[in-house]
Structures are given as C-alpha cells and as structure tokens.
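Quick note: the coordinates plus some simple rules give every number you see, no bench work behind them. This is a predicted model, so every value here is computed, not measured. Every residue, glycine among them, receives a Cβ derived from its backbone with ideal geometry; neighbour counts consider all protein chains shown.
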Amino acid sequence: MTKRVAIFISGGGSNMVSLAESMTGDHPARPCLVITNVPGAGGLEKARSMGIPTAVVDHRPFKGDRVAFEEELARVVDAAEPDILCLAGFMRVLTEGFVGRYTGRMLNIHPSLLPKYRGLHTHARALEAGDAEHGCTVHEVTPVLDDGPILGQARVPVLEGDTPELLAARVLVQEHRLYPAVLRRFAEGDRTPVLLS
Ligand code: GAR
C-alpha cells in the first residue's frame, strides 16, 4: 500500500521540494502534509503550488512550553495519518515524548557527516577543523539530537578558498540527491544505508 509522508520544514523547503518531486510514478510513497512551525516559511507556498496539504503550528504562542507545542503539532500531524515523517530543515528540537510517538518512522537530514558536528554551524565547523571532506547525513530520529541509525551519507570535498556559504551550497546539492534516495529505500522497507559521493 502507498505510504503517506509528512514533511516538516522551517525555511525555504528545498529538501521538501526534492522529496515531494521524487514521489511520483512507481515510488512507494506520496506526500500527505507539509507542516511548519514558521508561518512565513518559504517552503509553504512551494508545497501549495505542488498541491500538497499544508499546516502551520507556530511555536511562539506556546512561550517555551515544548510539550504543549508538540501536543498541537502531533494533533495536526496525526490527522494527516502519515506512515513516515521527514524532518527537512525543521529547526525545533523535539522532545523524547514527541519522538517516541513515531519511533522507527521519523527521518532527519543533517548537513554534516554525522557523528561529526551535531547541532548548528556545521559548515563553518568543518572548515575550522581543516576537514578534507564534508557532507550530509540522513538518519532515523531518536531522542538524542542528530543521533540515531544512519540511513545514508553523501560526501563533498572541501575546496581551496571555501567559505561556509560555498560549502553549504555544494552540500545542499548532495542533500537533494541523498534524501530522496534514502526515502525511497526506507519506504520500500530497506534500511541499508545509501552512500553517495
Ligand atoms: C538543509 O541544509 C538541512 O540539512 C538543514 O537545514 C537546511 C534546510 O534547507 N537542516 C538542519 O540544519 C537541521 N539541523 P531547506 O529548507 O532548503 O531544505
């Protein structure tokens, strides 16, 4: 049976677009919802133009009450009945309670070669460390931030004269290849990591 995919965004949603565009033809999944915590997120309009249902659950009125925010988030997500949840540039840390509702069904893309550089500013940190290569990772979400079983990685060489912005742009190109490849495999029930270079 076709799997239903909810995609979580906070910004431009370029990964969301690459995921949504991949779910056509004989793909075993289809997007059922794009949800954001940011009312003006650029990705919202893109999702609407692709005909995908959208929802906004703004975290700000909850004034730091993560549990209340996540209860509302879960209510809206569950109404869309997703089988798989893809975090795609969703910039809120989720609590154990929320993650636990969707164990084994939630994926995230992170712009580093995990376990290196969990958290923010990954490109600057890779440059500061003098790394020869950098990249991105798709992993299953567990309660520990940017942790969980790795489902795919794509590598990018660090070039002479790279800035965080230049490196981020090249990593993003790889993100758009990696996430759809992992989602397809995952939706087929195969957790063998996808390794791209
Ligand atoms: C992507 O680079 C993604 O890996 C990163 O945010 C960007 C979102 O771009 N995610 C994180 O840093 C999560 N910790 P997009 O909105 O264009 O897909």
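Remark on segment 130-197: Rg and Dmax equal 13.1, 41 Å (Cα only).
Remark: the chain is approximated by an ellipsoid whose semi-axes, taken from the C-alpha gyration tensor as √(5λ), come to 26, 20, 16 Å, largest first. At what distance in angstrom do the alpha carbon centres of segment 36-74 and segment 176-194 lie from each other? If we compute the Cα centre of each part, the gap is 25 Å. Residues within the reach of a label modelled at ARG60 (point 7 angstrom out along Cα to beta-carbon, backbone nitrogen below 18 Å), restricted to segment 11-42, are 11-12, 36-42. Count Lys and Arg as plus one, Asp and Glu as minus one, and take only other residues whose Cβ is under 10 Å from that of ILE52; the net charge is then +3. Taking each residue as 0.36 nm, the span from ASP26 to VAL144 lengthens on full extension beyond its C-alpha to C-alpha distance by 39.1 nm. Take the chain, mark every one of the GluC sites (Glu not before Pro) that falls in a DSSP loop and has at most 12 other Cβ within 10 Å, then report the longest stretch left between them, sites excluded. Longest gap between qualifying sites, sites excluded: 1-159. Top mean-square fluctuation among GLY161, GLY119, GLY97, Gaussian network model of the chain, C-alpha springs under 10 Å? Sorting by GNM fluctuation, first place goes to GLY161.
If you fit an axis through the alpha-carbon atoms of helix 164-187 and take the longest principal axis of the Cα set of the chain, what angle between them do you get, 0 to 90°, nearest 10? For 164-187 against the chain, the angle is about 50 degrees. Considering only ALA68, ALA47, ALA181, the Gaussian network model of the chain with Cα springs below 10 Å gives its largest mean-square fluctuation to ALA68. Taking the C-alpha atoms only, the angle from helix 66-79 to the longest principal axis of the chain is near 70 degrees.
Shape call for segment 41-80 from the C-alpha gyration tensor, a ≥ b ≥ c root eigenvalues: rounded (a/c under 1.5), prolate (a/b greater than b/c) or oblate? Because a/c hits 1.5 or more and a/b fails to exceed b/c, segment 41-80 counts as oblate. Using a Gaussian network model of the chain whose springs link C-alpha atoms within less than 10 Å, name the residue from LEU167, LEU159, LEU33 with the highest mean-square fluctuation. The residue with the greatest mean-square fluctuation here is LEU159. Loop-located chymotrypsin sites (Phe, Trp or Tyr not before Pro) in segment 98-197 (DSSP state not H, G, I, E or B) with no more than 11 neighbouring Cβ atoms inside 10 Å do not occur.
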